[in-house]
Amino acid sequence: MTDNAVAAAADQRPSTILNASNRPAIGATFAATVGLVFGPSTFLLFVFGVFVEPLSKTFGWPKPSILFAATIVSLMIMVVSPIQGYLIDRFGARPIVLSSCLAFALGLGGMYFLSSNISSFYIMYGLLPLLAIGLWPVSYLRVVSTWFERRLGLAIGIANGGIGLGAAMLPPILTYIILNGSVQWAYVSLGVIVLLIVLPINALFLFESPEARATRAGAALAPQKNEEFKSLIRTQSFVILTVAFFLLGFVNTGLVTNQISLLIDGGATPQQAAFVQAVFGLAVLVGRFLTGVLLDYVSAKRMMSAVCIGGAAACLLYAMGPAGALVYLCAILIGMVYGAEFDVLSYIIKRSFGLTAFGRIYGTIFAVFQFGAALGATLLPLSRAHYESYAPGLIVYAGALIVSGLLLLMPGKSSR
């Protein structure tokens, strides 16, 4: 079946996931959402900050040394993402996801054996992104994108909202487990969730549309498809999008992993900081859903540009040492950036480049995003160490977000 035939068939599918007759699409979206609630994006990045203080107290490790693990994760994702993209374009998302659930759960269980040797911590944080190779967002977004055309933005927003939901739910829960058990048991608990919840739900409901399976059935990636991928990554639209997301990545991991430490440094208790992080998670959740709804009606790039400016304002407010309700405003504005970025990326890739090379294009941009994250992850700890303040690093982050927002307004192949 040709790509045009697939697109024509897609136009005949129910336009909304709330249509009860479209149960396989509902099931796939539900599985994707659950997978992202309890996936590596949430566990290794969005709630990483919850573990920093307990790890420091338990093992006596300096915070900058602990935060280096976030850089390791970003570097590993940079390596893993293109491989993941190739695998799901070649074999489909389902087998890669299911095998990764088991491997990732076992890896998280292995965190029980953490010792005072920080090298073992680094090794595990280098290994976990690889064990979770099929569980990064592109696998789930590829599946959801095969089911929808007219309500693509809404479907992506609901699925991607899982990361925000996880970021909102897990900090208080993990803080409770750590305070009443240990940091090792918190990691083990995450592994049990993947094994007993994520794996069965994905096994039952995570399927691509029949048209997408027919397009890929039994064939290796054709040479013409490889040539199409090579031509797409040379377009102006791809280059602009990649640079903009490199800058977003530069800010992304550094903010999410340091927000709790930044707040505690400003006088908040760990419980108060965890609550602000939960508000941030709720903002991510709302941002993902709201972005998904709006993507079907407004320009994806203009919307992302506006959200970047809001994030830059939050960084500047944090740099001035916000107190009281301002910390919640900052958390919300930053959460909206996180809520929008990958909804927008998935939407632009589907609309501008199609599904043929969706996994490889997404994986390539995500790898560049993580390269930026690796460079930016240690900026705030270094700023704190050298200037005794997070403010200089936060100002740099604000500048990166402004430039990213401006790049997205540059002319190129439109996502609309």
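The values are calculated or read from the model by the stated rules, or taken from the named source; none is laboratory data. All values reported here derive from a predicted model rather than from experimental measurement. When we count neighbours, we look across all protein chains shown, and the Cβ atoms used for this are built from the backbone with ideal geometry, even at glycine. Heavy atoms of the whole protein, side chains included, go into the accessibility calculation; ligands, DNA and RNA do not. Shrake-Rupley method; radii C 1.70, N 1.55, O 1.52, S 1.80 Å.
Structure above, values below:
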quantity	calculated
Accessible surface of region 306-416, 1.4 Å probe, proportion on carbon and sulfur as whole %	73
Under 26 Å, Cα to Cα: Lys pairs in the chain, sequence gap 8 or more or different chains	8
Accessible area expressed per residue, the chain, with surrounding protein chains retained (probe 1.4 Å, Å²)	37
Crossing angle, helix 93-110 versus the chain [Cα axis fit, 0-90 degrees, rounded to tens]	20
Share of carbon and sulfur in the accessible heavy-atom surface of region 254-305 [1.4 Å probe, %]	69
Within region 193-211: backbone nitrogen closer than 19 Å to the THR58 label point (7 Å, Cα to C-beta)	193-195
